[in-house]
Amino acid sequence: MSLRLKKLVRTREFSLLIVLILLSAVIQWRNPHFLTATVIDSILRNYSYTILMTSGMLMVLLVGGIDISVGSTLALSGMTSALLMREGILPNWWMAYLTSLGVGILCGLLVGIVITKGKVLPIIATLGFMYVFRGLTFFISDSQWVGMMQLLEDFRDFSQGTSLGVSNLIWITIVVYIFVFILLKWTKLGRQVYAVGSNIEAATVSGIRTDRIKLFVYAFNGALAGLSGAMFVGFYAGAQNNIAMGLELDIIAACVIGGVSLKGGQGTIPGVLLGALTIAVINRSLSLTGIDPFWQQAIKGAVILAAVMANVLMQRQSVRRTLARREI
Amino acid sequence: MPEYILELRGITKLFPGVKALDKVDFQLKAGEIHALMGENGAGKSTLIKVITGVHQPDMGEIVLDGKKVSFKSPREARQVGVAAIYQHVTAYPHLTVTENIFMGHEKMKHGFIQWKAMHKEAQALIETLEADFHATDLMGDLSVAQQQMVEIAKALSMDARIIIMDEPTAALTTGEAERLYEITEKLRDDGAAIIFISHRFEDMYRLASRVTVYRDSKYIWTRDVCDVSEADLIQGMVGRELTELFPKPELEIGDEALRAENLSRTGFFQDVNFKVNKGEIVGVTGLVGAGRTEVMETLFGVTKADSGTVYLHGEKVQIRSPQEAMKRGLGLLTEDRQHQGLILNWGIGRNITLAELNQFAKLGVLDEKAERATAKTLAERVGTKANTLFDLASSLSGGNQQKVVVARALTSKLNVLIMDEPTKGVDVGAKAAIYEIMGELAEQGMGIIMVSSEMPEILGMCDRIYVMCEGRITGELARGEATGEKILELAMKKRVASEADTETEETA
Amino acid sequence: MENVIRRRSIDANPPRGLKARIMRWEFALLLLFIGVNVINMNLSPNFLNAHHLFTNINTFLVNGLVALPMAYCLLLGEIDLSVGSTVVLSATLLGIVFNATESMVLGILTALAVGTLCGALNGLILIKFRELSAMIVTLGTMILYRGLAERILGAEATGGMRTVEWFANLFDARIGPVPFFFIFFCVLAGVFWFVMHKTVFGRRMFAIGANTQAARYAGINVERTRFTVFTLTGLMCGVSAVFFTSWMGSVRNNVGEGYELEAIAMCVLGGMSTAGGKGTFPGVIIAIFTLGLLRFGLGLLNVNPQTVRIIIGALLITVVVLQNVQRLFKKKPAPANAS
C-alpha cells in the first residue's frame, strides 16, 4: 500500500465513510427501496439546510466556540422574509433569500459581538440569544403563522424546484460546501480560523486579530442559518414560529460525529459532510426499515455517544502505538 | 546612520496592580548579539512584548533607525522586521510544521495559499537547522526540542532585522544548543541584530558581545561581556552578594525509605532502578526529555507503570493515585507550579491546606479557624513573602509560589518528598531559601528526591546522583565523585548507542 | 551559617469591609430581586396575595430543584444538559410503574432510582472518558434519555397520578399559607449551601473547578467528586420529577423541555462562573426566586410568553456582560506612585 493511501485509510473521515456505508447497507437489506434516486433525493432535500448549517457550525467549533442559537436564527430570518412577502414588500424570490441572509448575518454579528467584546462564554451567550431570537420570531409575527398562499409563488417554485434534475436547495448546499472548503484550505482567513482554535495565545502574538476572526465566524454561521431560514420556509411552503426547534442539537451532533473537536482547531469539511449525512440517514431511514419511529431520538443520542467514545478509544490506540514505536 | 538600530527610552508599563517596567532603557547596535539578564519577574519578558508590539508602553518611546515609532500590534512590529522566538513555545499543535513556520506570512498567489512552495521552503529551512522531522508533520507530534527548532525556523523565514530569542536553549540538549549558537552567529554575520535572553551564563559568554541587566522592573546597567564576571552579574541581578548558596547539612543516612525496581512504562522509561534513604537527598538529573518527570509521576500514582515494583520502607506497595501516595507518606512537588501546583486565584492560605483538608474538619465540616492557624504557621515557617493569607497565589513571585507549595507538602506526614525542578523560575534569593528548607527536611529524616537540570544544585545539594538518558538510568554517582563532566557524559550516553541502533535498523 | 530564610509575620485574619461586601454580585442581585418585587407590587394589586403567590412560587421551584445541583456542576467547570430529559424519563417511569402496580411508593422509588442511574451514567462516561467534555456527553444523553421516554410513551400520556390524594398533596399541602413543597425546597437549598461553603467536599469542588490538575496533584480524588456531583444531579432530577407529577398528575414526552436552560440561567444569574471554581450559593438561591418572580410578575401584567422569553434571554446575556464589566473595575491598575 502506498504511503498516501495508508494515511488516507487512517483518517477519521475514512472510518466514518465505512460506518456510513455499513449503515446504508443494513438499511438497504431491510428495505430495498432505500438506495433509490427518489429516496436519496428526498433525504438530501429534506436535510439540505441541516447539512448546510453544519459547515457554519464547523467553523464556530474550529475557533473553540459553540452556537446553540442557530435554530432560533433560522426561524427568525425565515419568518422575517415570509412576513415581508405577505405584506407584499418583497418583489421576488431572490430578494426574499437576501433578506433572510441579511437577518441571519445581523443575528450572527450580534452573537459574535457579545462573545468577543462582552467576553461572554459562547454556550451562555448563545443560550441567551436562543431565547431572544425565538421570542422575536413570535413577537414580529404576533404568534401567527404565514401560510403557503401568502408566500410569493416564484419563491416557492425556486425552493421546491430543480435545476439539471437536482433540487435547487441541494445546489445551494453544494456551492456553500465548495466555498467553505476552499476558504478553510487555501485562504489566509481559513488558516487563521484553525490557528485561533489551535492556540489562541500564539495567534495573538503572531498578529492575528483573534476577535475579528471570531466575529467573522459567528457572522458566517449566522448567514448560513439565515439562508437556511429562506430554504426552510420555501421548501415547506409556510413559516411557523416553532420551526427548527432543537435543530442545533442535530447540527452539533453532525459535527461531533464528523470528528470536530469541541476544544477547537480540529475538524474538516469532508468530515462534517459525512457526519451530517449520517444524521440525515438516521433521521430519515428508520421509517423505511420498519423500526418504531419513536426510537429515532434514542438512537440518535446513542450514536452521538458511541461516536465520541469511539473517537477517544481510537485516539488512545494511536497514542499507544506511537509510544510503543518510540525507542528507549 | 544612527549608532543604534533600536533604542528604548524610559519605557514604563503598568499592569493591574503591578508596575512591570519602570523607566527602562535599552540600546541595540546593528549586527550585535545582545544578552538580557535578570531574575524571573525582572521585566525581561514584558520588555520583549513591548518591542514586538504585543504590549503598548504607558510611558517612554521606542526609536527605530533614529525615528520614533509606536507599534500598535505585533503585525506592525513584524512589518518593520522585528521577529521573536518566545519562551513558552507558541505553537499550533493541530497544524503542520509548515503552517507553524509561515503563519502570518503565508506565500500567496491570487489570494490562495501556495502549499507546495511553502512545504518546499519549510523543508529547506528544517534542513539548514539539521533538524530531524518533516515539514508535513503535525506540530503536536513533535518533542519540545523539535518544536523549539520550528520556532527558530519561523524566525529565519521572516527575514527579520531584529530577532529576539527568549530562552531558546531551555529545552535543548547541549548538541542542539551548539547548533543554535552557530545559527545565531550566522544570522548576526548576515546583518541581523539579536536580543538573546537566557538563564544560562554559558549562553551569554559563548554568544553575546554586550549584556544589559534588569532587576525589579528597573534598568541596572549595560556592559561589554568581556568586562563582566559571574560575580558582577549575580550582584547586578540580585542586588546583593550571596555567600553560601548550598547549605547542605552533613547528615547520618538512615534506612531505606523508597526503592524502585525495574520500573517501566512503554514509551517513557525502561528498567528504572533507584532508591532513597531516610535523611538523604538524592538527585535525578539528565537532559530535558530524559523521562525523569515521567518516572516521578508514575511513583506518585498519576500514571501507571507497565511493570516493575516499588517498595516503601521495604514493603512492596502499589500506588494507583496521588491520594494513595500521600496516604503512604510520599509527596510530589510538580515542576509546573502554575498549572499543577497552585490554584492561582486562591489565597495562599487555602492553597496550603488543600491537600489535608480532613485535618481541619469534623465529619466533613471545615473548621476554618484551625485551618488558618495551620496555614499561617507553615507559610511563616517557609518564609513566604506575603502580607496576609488571603494574598492571591498569582500575585507572588516564582520563588514565593514554590514556598507555598513546599508549605503544603509540610501539612502531610511525609517521609519521602519528590521535588521536580524545585528552583525552576525561582530567583536566586528564594533558591537559597528552598535549599535551606530541603536541608531541614532531610535533617528531620525525610528522604528527598530532587529532579533537576541545573548542574550546580545537583552537585551542591545531593548525597547521591542518578543520571537519566532517554528513559534509562545511565549512571549513579556519589557526592564525592560527581563532577559536571561525568554527569554530562552519562546524560548523553545512551544517545550515541541508539543512533547506532537506528542506523542498523535502516540498513536492515 | 546564617539563615537565608527571612521569616516574616503573615496576617491570618480574613479581610473585612463594607465596600467589599457591596461590590459583590449577590448584592447587585438582591437589589434586582427587590426591584422586581417592588415593580410587581406596584403594577398588580394581586401580587401580594399569599395564596396566589405561593402557588406560583411552587411551580418554578420544580425547575429550581434542578438548579441546585446544576450549581455544583458549574462549580466543577462542568455542565449537565441532560437534566430536562432525566426529569421526563424519571416522571415517565413513575407513571408507568404506578399504573402497572397501583403502588405510588414504588413509583416514587422508581423515579428516584431512574434519575440517579441517569446521572450516574453521565458521571461514569465522564470519568472513564476523561478526554470528553461534559457538554458533549450530556448533549448525547440529553437526546438519549428523552428518546427513551418518547419510545415508552409514544404520542400518549400516562396519567391518573393525582388520584392518590397524599401524592397530590406533596405539591398542594400547606402549613398555613406556606406550601409544604416550599419548606422542603428551602431545607434542601440550605443543605446545598452548607455543603458547598462549609464542608471539605465543597472546598474540593471549588479546587477542582479552579484548577483540576492542581487539585489532582494535591491528592483530591477528582473522578470520585465528579461522579458524585453528576449522580446527585440525576437524583435531584428524580426528585423534581416526583414533584412535577404530583403537580400535573400526568406525563407527556415534552415534560421538562428547557429545564436545563432555565437551571443554567438561574445559576449564571446567581453568579456561578461557567468556567468553574467561582460562585456562591446564596446568589443562586436569590436568582432562582428573582427569575421565577420576574416571570410571575410579567404574567400578571399579561405580557405574552414570547416577550418573557426575550426578556429572560436578554437578562442572561446582560448579566454576564455586567459581571465582566464589574471584574474590570475591580482590577483597576494601581496608580503609578503606589509601588
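Only lysines eight or more places from B:LYS362 in sequence, or on another chain, were considered; those with a Cα closer than 22 Å are B:LYS327, B:LYS376, B:LYS413, C:LYS198.
Hey, got the dipole for chain C? About the Cα centre, +1 on K and R Cβ, -1 on D and E Cβ, debye to the nearest 20? Could the numbers behind the result be given before it?
On the way: 27 positive and 15 negative charges, 335 e Å.
The dipole magnitude comes to about 1600 debye.
For chain C, the longest principal axis of the C-alpha atoms and the axis of helix C:259-269 are separated by about 30°.
Each label point was placed 7 Å from the Cα along the Cα-to-Cβ direction; for B:ASP367 and C:ASN324 their separation is 4.5 nm.
To the nearest 10 degrees, how steeply does helix B:398-411 sit against the main Cα axis of chain B, on a 0 to 90 scale? With both axes taken from Cα atoms, the answer is about 20 degrees.
Annotation: extensible slack from C:ARG8 through C:ILE34 equals 4.7 nm (criterion: 0.36 nm per residue apart, minus Cα-Cα distance).
Relative to the first principal axis of the alpha-carbon coordinates of chain C, what is the inclination of helix C:222-248, with its axis defined by its Cα atoms, in degrees from 0 to 90 and to the nearest 10? That helix lies at roughly 40 degrees to the long axis. Our summary gives the range C:157-304 a relative contact order of 28 percent, counting only alpha carbon pairs under 8 angstrom and 6 or more residues apart. Using a Gaussian network model of chain C in which every pair of alpha carbons under 10 angstrom is joined by a spring, one finds that among C:GLY258, C:GLY234, C:GLY154 the greatest mean-square fluctuation is at C:GLY154. Can you tell me which of C:ASN49, C:ASN58, C:ASN211 moves the most in a GNM of chain C? Springs connect C-alpha atoms under 10 Å apart. It is C:ASN49. For chain B, the longest piece that avoids every one of the GluC sites (Glu not before Pro) found in DSSP loops with at most 14 other C-beta atoms within 10 Å covers B:253-480. Treating r as the C-beta distance of B:SER73 and A:VAL319 and R0 as 35 Å, the FRET efficiency rounds to 0.40.
For an R0 of 51 angstrom, estimate the FRET efficiency from the Cβ-Cβ distance between A:TRP29 and C:TRP166 and round to the nearest 0.05. Numbers along the way, then the final one.
Working: r = 53 Å, r/R0 = 1.05.
The value I calculate is 0.45.
For the pair C:MET41 and B:PHE246, label points projected 7 Å from Cα toward Cβ lie 7.6 nm apart. Taking a sphere under 10 Å around the Cβ of B:GLY254 and counting the other residues whose Cβ falls inside, with K and R at +1 and D and E at -1, yields a net charge of -3.
Only the Cβ atoms of Lys and Arg (+1) and of Asp and Glu (-1) were treated as charged; on that basis the dipole of the range A:171-328 about its Cα centre amounts to roughly 660 debye.
Using only Cα coordinates, the Kirkwood hydrodynamic radius of the range B:340-412 works out to 11.9 Å.
Assuming a ≥ b ≥ c are the square roots of the Cα gyration tensor eigenvalues, decide whether the range C:10-91 counts as rounded (a/c under 1.5), prolate (otherwise, with a/b larger than b/c) or oblate. Verdict is oblate for the range C:10-91.
From its DSSP helices (H runs of at least four residues, each -39,500 (n - 2.57)), chain B gives a residue-normalised ellipticity at 222 nm of -10000 deg cm²/dmol.
For the range B:6-240, the dipole from Cβ point charges (+1 on Lys and Arg, -1 on Asp and Glu) about the Cα centre works out to 980 debye, to the nearest 20.
Applying the Karplus relation 6.51 cos²θ - 1.76 cosθ + 1.60 with θ = phi - 60° to the range A:212-217 yields 3J(HN,Hα) values of 5, 4, 4, 4, 4, 4 Hz, where x marks Gly and Pro.
Counted by Cβ distance under 10 Å from B:LEU477, the other residues give a net charge of +1, where Lys and Arg count +1 and Asp and Glu count -1. For each pair in A:LYS119/B:LYS44; B:LYS186/B:LYS424; A:LYS185/B:LYS107; B:LYS44/B:LYS72; B:LYS23/B:LYS403, compute the distance between the two Cα atoms and list the pairs where it is over 22 Å. Too far apart for the 22 Å limit: A:LYS119/B:LYS44; B:LYS186/B:LYS424; B:LYS23/B:LYS403.
Loop sites here are GluC sites (Glu not before Pro) outside DSSP states H, G, I, E and B with no more than 12 other Cβ atoms within 10 Å. The longest part of chain C free of them is C:157-339. Rank A:ILE257, A:GLY56, A:VAL233 by how far each Cα sits towards the positive end of the charge dipole of chain A (+1 on Lys, Arg Cβ; -1 on Asp, Glu Cβ) and give me just the farthest. Checking the options against the dipole of chain A, the answer is A:ILE257. An oblate overall shape is assigned to the range C:26-328, the ratio a/c of its alpha-carbon gyration tensor axes (a ≥ b ≥ c) being 1.5 or greater and a/b not exceeding b/c.
The overall shape of the protein assembly as shown, judged from the alpha-carbon gyration tensor, is prolate: a/c is not under 1.5, and a/b is greater than b/c.
Quick note: the coordinates plus some simple rules give every number you see, no bench work behind them. What you see is a predicted model, and the numbers here were worked out from it, not measured in a lab. All Cβ positions, even for glycine, are placed from backbone atoms using ideal geometry, and neighbour counts span all protein chains on display.
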